[in-house]
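Just so it is clear, none of the values below were taken in a lab; they were calculated from the coordinates. Fair warning: this is a prediction, and the values are worked out from it, not measured in the lab. Backbone-built Cβ (ideal geometry, glycine too); neighbour counts: all protein chains shown.
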Protein chains: 2
Amino acid sequence: MTPFKLTDQLVADIQSLIAHQEDGQLRTMLKEFHYADVAEIVNELDTEEATYLIKLLDSEKTSDILTELDEDVREEILNNLSPKEIAGEIGELDTDDAADIIGELPKEIIKEVISEIEDKDHAKDIVDLLRYDEDSAGGLMAKELVKVNENWTVTKCVRQMRIQAENVTRVHSIYVVDDEEKLKGRLSLKDLLTVSTETHISEIYIPKVDYVNVNEKPEEVAKIMSKYDLEAIPVVDEINRLVGRITIDDIVDVIREEADKDYQMAAGISQDVEADDSIWELTRARLPWLILGLFGGGAAAMIMGGFEEMFSKYTVLFLFTPLIAAMAGNVGVQSSAIIVQGLANDDIKGSVGSRLIKEMLLALLNGIILAALLLLFTWVWKGSFNTALAISVSLIAVIVVAGFIGTFTPLFLHKRGIDPAIATGPFITTSNDIFGILIYFWIAKLILGI
Amino acid sequence: MTPFKLTDQLVADIQSLIAHQEDGQLRTMLKEFHYADVAEIVNELDTEEATYLIKLLDSEKTSDILTELDEDVREEILNNLSPKEIAGEIGELDTDDAADIIGELPKEIIKEVISEIEDKDHAKDIVDLLRYDEDSAGGLMAKELVKVNENWTVTKCVRQMRIQAENVTRVHSIYVVDDEEKLKGRLSLKDLLTVSTETHISEIYIPKVDYVNVNEKPEEVAKIMSKYDLEAIPVVDEINRLVGRITIDDIVDVIREEADKDYQMAAGISQDVEADDSIWELTRARLPWLILGLFGGGAAAMIMGGFEEMFSKYTVLFLFTPLIAAMAGNVGVQSSAIIVQGLANDDIKGSVGSRLIKEMLLALLNGIILAALLLLFTWVWKGSFNTALAISVSLIAVIVVAGFIGTFTPLFLHKRGIDPAIATGPFITTSNDIFGILIYFWIAKLILGI
């Protein structure tokens, strides 16, 4: 495959073809591209041009393009389409993608679009899916799956499977349910083909099957599917009725989004912005964390103000305050990051107490090594061993406390059911700045006997 | 599915059964668990116990357990097995997992293990795979796939497919090659079943097929497969010969590892440690970044030392140095994180110049808002408008420069072919601390006319 490469030239060519309404050439050219590639092109066009393209191409392709577009671009294009046109696109999509797109529409249009969908069963499935929280297995699943009743014979089962498979892009498993639609197990195609046609499914199905509840969190579903290497998993409701199926491609998206979110949180960016968003959107995502940092810095300044009487004699103490703040912040972020990641991967075993003791031993070890270096540096630079010793010992205390706060905070948040990822980044650096400066001056004062 | 939960009680029970050599009970109990769950249990046992279990259970299950174990646990267990026993486990695995495990063994044992593998074709495939760099498509792929020659008739094709499919856990696609093994396309099962048995494959295959080169980076393979929603992708060598296949479950692991690595880098942790690693391993991963921070702090102290003559009159300037360092660090991390993430997701379009201008405008906007808050705070606290103004204006300059450095560094590293993720976290906070302090005092001095 020559990999597709989005170039300015390509976008300019497409724009020129649109401007000259060269419909034939556009169709031929875009037919060669995968819908995910066309979506990348459309993301670069203005709304008018994008709408033109969407109306020009077959709805079989454009519906897939719509699912791959940036959310804001899609919203603008759909604004330019009539409910009937939107329904046409939706009709081509699997129920999960269809429900995702419909869920983004303004409420007053949703009803109209749904009433315009020709396949009434498809419309019914989509309406069912709209009820689930986006942040749950129900919000991820599709209605397309192959299911057979345990009381059917092999003959009936094969006939029904053929009909059902029509609507399913890729059949991963054949699920077995009872008369009440409750999930009983799955069927091996091989077994199905090697028994007599009058055998009942109940005699040959495999009762062992992984499944998730419709209320399960997407991250949990992702963990289960990747741990057990599953390509699809059935979803059941509260009374164990089979209501849908989640496939691995959706889970790949969940894993990516989850990772992006944690990474942004650690960097002090409220979730869900991209480099190409507007300055205003980026400011909204970043400013709150910076203001938090400002308050922290203000608090640190006031603490230092309280030690102002030491200024004239121990100026050097004040020269190291950025170093102290930086070390407290770095140690805090390291400790919290490893806990956050461990929690995300279910790697954290043992008690909170032993975890804290380990982290403080680790911080102590690191602190002693760093303090030795700092002692040497300050002693050589400023000539006073006593001051150098006071600064270095304070550094050890600061690092141990920073390690404690960095470890304790995410564990505590997690216990309380709050996403521990919020505890990394600016949150931990700011609180550690304040505690660090306070401990530093307090211990230095004690040692120097002021 | 009642989700599996690893408890101390469960581990203790297993340990007690091992101690009393209750083989029958152990077998019955563990038969119920998925191999990934048994691996979690084995990770908690000591080497003796773990080896006992591995020798006790069927090699069909233990081979799968081995692939799921922590690397250090697996290494210890394999140390306790003879080459013949290891070969027995390897023989049960797909070629990709087999090659991964053999690749971890000491060199002198590898040859012995391979010579003990009974299926000589399997051994040959594994040897082939060992040649590829772990960090490439070749290092990820498996040899198990279904391929047919374009010159075969449908009859021959179906017969050959049956034989090949025996070794393939899940057939995602049927690949078509020519006499020189070059990848030509893929085959639709439906087409195969609806044409006459004497038709040649060359007449019915689909020439459009996604593939990757064996030297492609795993991250690139992950991008392609997740963009195009592929569950498997064929791998070709330099002259386009079909040499293997990569499945989505391996890609899920790649995505997770990549995300973990970037997250740890941003937090100042050299890659590949977990919360449960030893204090020594954790220190090795964390200390280098802390020493970097120490040097930065030392440099900042020396810079501040250069402005010591301002101490007596403008003490307040020194109180805000932790705030300045924190803001420079936070803005730098925000800017670099969004670039690193954009680069990872191929979201960064447009020129470096326009990207820098945008980031600096954004920093300017944030800076002005933050400076206004700081001005008010300092003015009220210290009473001197002039000093407050000097500090606030300096803050704006610091933030703009921090935004510039945070944006420029990852873009520059990426252009040079270096992983930009290294530019987040301690690296950027440390350099921004230094520049921030320097700019802050320099501008404040200018404004206050000292």
| query | For the stretch A:146-253, what's the relative contact order in percent, using C-alpha pairs closer than 8 Å and at least 6 residues apart? | reply | 25 percent
| note | For A:R416, A:R74, ascending order of other Cβ atoms within 10 Å (fewest first) is A:R416, A:R74
| task | Could you tell me how many degrees, from 0 to 90 and to the nearest 10, lie between the Cα long axis of helix A:83-92 and the main elongation axis, the longest principal axis, of the Cα atoms of chain A? | result | 90 degrees
| remark: Unit-weight point scatterers at every alpha-carbon of the stretch B:146-254, Debye formula, q = 0.17 1/Å: log10 I(q)/I(0) is -0.81
| said: Please compute the contact order of chain B in relative form: average sequence separation of alpha-carbon pairs under 8 Å and at least six residues apart, divided by the residue count, as a percent. | reply: 11 percent
| task | Could you tell me which of the pairs A:K31/B:K223; A:K84/A:K261; B:K143/B:K223; A:K227/B:K124; A:K227/B:K227; A:K84/B:K190 are separated by over 26 angstrom between their Cα atoms in the structure shown? | result | A:K84/A:K261; A:K227/B:K124; A:K84/B:K190
| note | Between B:N167 and B:L193, the two model label points (7 Å from Cα along the beta-carbon direction) sit apart by a distance in nm of 2.6 nm
| request: Could you list A:F33, A:F307, A:F385 in order of exposure, starting from the residue whose Cβ has the fewest other Cβ atoms within 10 Å? | output: A:F385, A:F33, A:F307
| task | Give, in nm to one decimal, the length gained when the segment between A:E274 and A:E180 is fully stretched (0.36 nm per residue of separation minus the Cα-Cα distance). | result | 29.2 nm
| query | Hey, got the average number of other protein chain Cβ atoms within 10 angstrom for residues in B:334-347? | reply | 5
| note | On each of the three principal axes the extent of the alpha-carbon atoms of chain A, given in whole Å and largest first, is 92, 64, 44
| said: In the stretch B:250-372, if the dipole is taken from +1 on Lys/Arg beta carbons and -1 on Asp/Glu beta carbons about the Cα centre, which of B:P322, B:G305, B:A259 is farthest to the positive end? | reply: B:G305
| Inter-copy label distances at A:H200, 7 Å along the Cα→beta-carbon direction, one decimal in nm, shortest first? | 5.3
| task | Working from the alpha-carbon coordinates of the protein assembly as shown, get Rg over Rh, Rh being the Kirkwood radius. | result | 1.01
| Distance from the stretch A:385-450 to the stretch A:59-85 (C-alpha centre basis), Å | 51 Å
| request: Compute the label-point distances linking B:E22 to its equivalents in the other copies; points lie 7 Å from Cα along Cα→Cβ; give nm, one decimal, shortest first. | output: 7.8
| Value at 222 nm in deg cm²/dmol, rounded to 500, when DSSP H runs of n ≥ 4 in the protein assembly as shown each add -39,500 (n - 2.57) | -21000 deg cm²/dmol
| query | In Å, the Kirkwood hydrodynamic radius of the stretch A:1-132 over pairs of distinct alpha carbons? | reply | 15.3 Å
| task | Quick one: with label points 7 Å out along Cα→Cβ, list the inter-copy distances for A:K55 in nm, shortest first? | result | 7.7
| remark: Inter-part gap, Cα centre of the stretch A:210-262 to Cα centre of the stretch B:175-242, in whole angstrom, is 29 Å
| request: Within the set of other residues whose C-beta is less than 14 Å from the C-beta of B:S173, count the net charge using Lys and Arg as +1 and Asp and Glu as -1. | output: +2
| Relative contact order computed over the stretch A:383-450 (Cα-Cα under 8 Å; 6+ residues apart), in percent | 50 percent
| B:I174's amide H: which non-local residues (gap 5+, or another chain) put their own amide H closer than 5 Å, with H modeled 1.01 Å from N in plane and none for Pro or chain starts? | B:L187
| request: Could you tell me whether the stretch B:279-448 comes out rounded, prolate or oblate from its Cα gyration tensor? Rule is a ≥ b ≥ c as square roots of the eigenvalues, rounded for a/c under 1.5, then prolate if a/b exceeds b/c, otherwise oblate. | output: oblate
| Taking only Cα atoms, what is the 0 to 90° angle, nearest 10, from helix A:47-56's long axis to the longest principal axis of chain A? | 30 degrees
| said: Just to be sure I understand the model, the point goes 7 Å from the Cα along the line to the Cβ. What's the resulting A:E60 to B:D253 distance in nm? | reply: 3.8 nm
| message | Please find, among residues of chain A, the one with the beta carbon closest to the rotation axis relating it to chain B, distance in whole Å. | response | A:A259, 2
| field | Global form of the stretch B:65-108, assessed from the alpha-carbon gyration tensor, a/c cut-off 1.5 | value | rounded
| query | Does the stretch A:83-122 classify as rounded, prolate or oblate by the C-alpha gyration tensor (a ≥ b ≥ c root eigenvalues; a/c under 1.5 gives rounded; else a/b over b/c gives prolate, otherwise oblate)? | reply | oblate
| Long-range HN-HN contacts of B:E216 with modeled amide H, under 5 Å | B:A137, B:G138
| Whole-Hz Karplus ³J(HN,Hα) for the stretch B:111-125, in order, using 6.51 cos²θ - 1.76 cosθ + 1.60 and θ = phi - 60°, x for Gly and Pro? | 4, 4, 4, 5, 5, 8, 5, 6, 6, 5, 5, 4, 4, 4, 4
| remark: Residues of the stretch A:298-324 with backbone N under 15 Å of the label point set 7 Å from the Cα of B:V380 along Cα→Cβ are A:298-299, A:302
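Which order results if B:V398, B:V158, A:V214, B:V221 are arranged by neighbouring Cβ count within 10 Å, fewest first?
Going from sparsest to densest Cβ surroundings: B:V158, A:V214, B:V221, B:V398.
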| Taking Cα atoms, how many degrees apart are the long axis of helix B:248-266 and the longest axis of chain B, rounded to 10 and kept between 0 and 90? | 20 degrees
| Once amide H atoms are built 1.01 Å from N in the peptide plane, which residues 5 or more positions from A:V243, or in another chain, come under 5 Å H to H? | A:V235, A:V236, A:D237
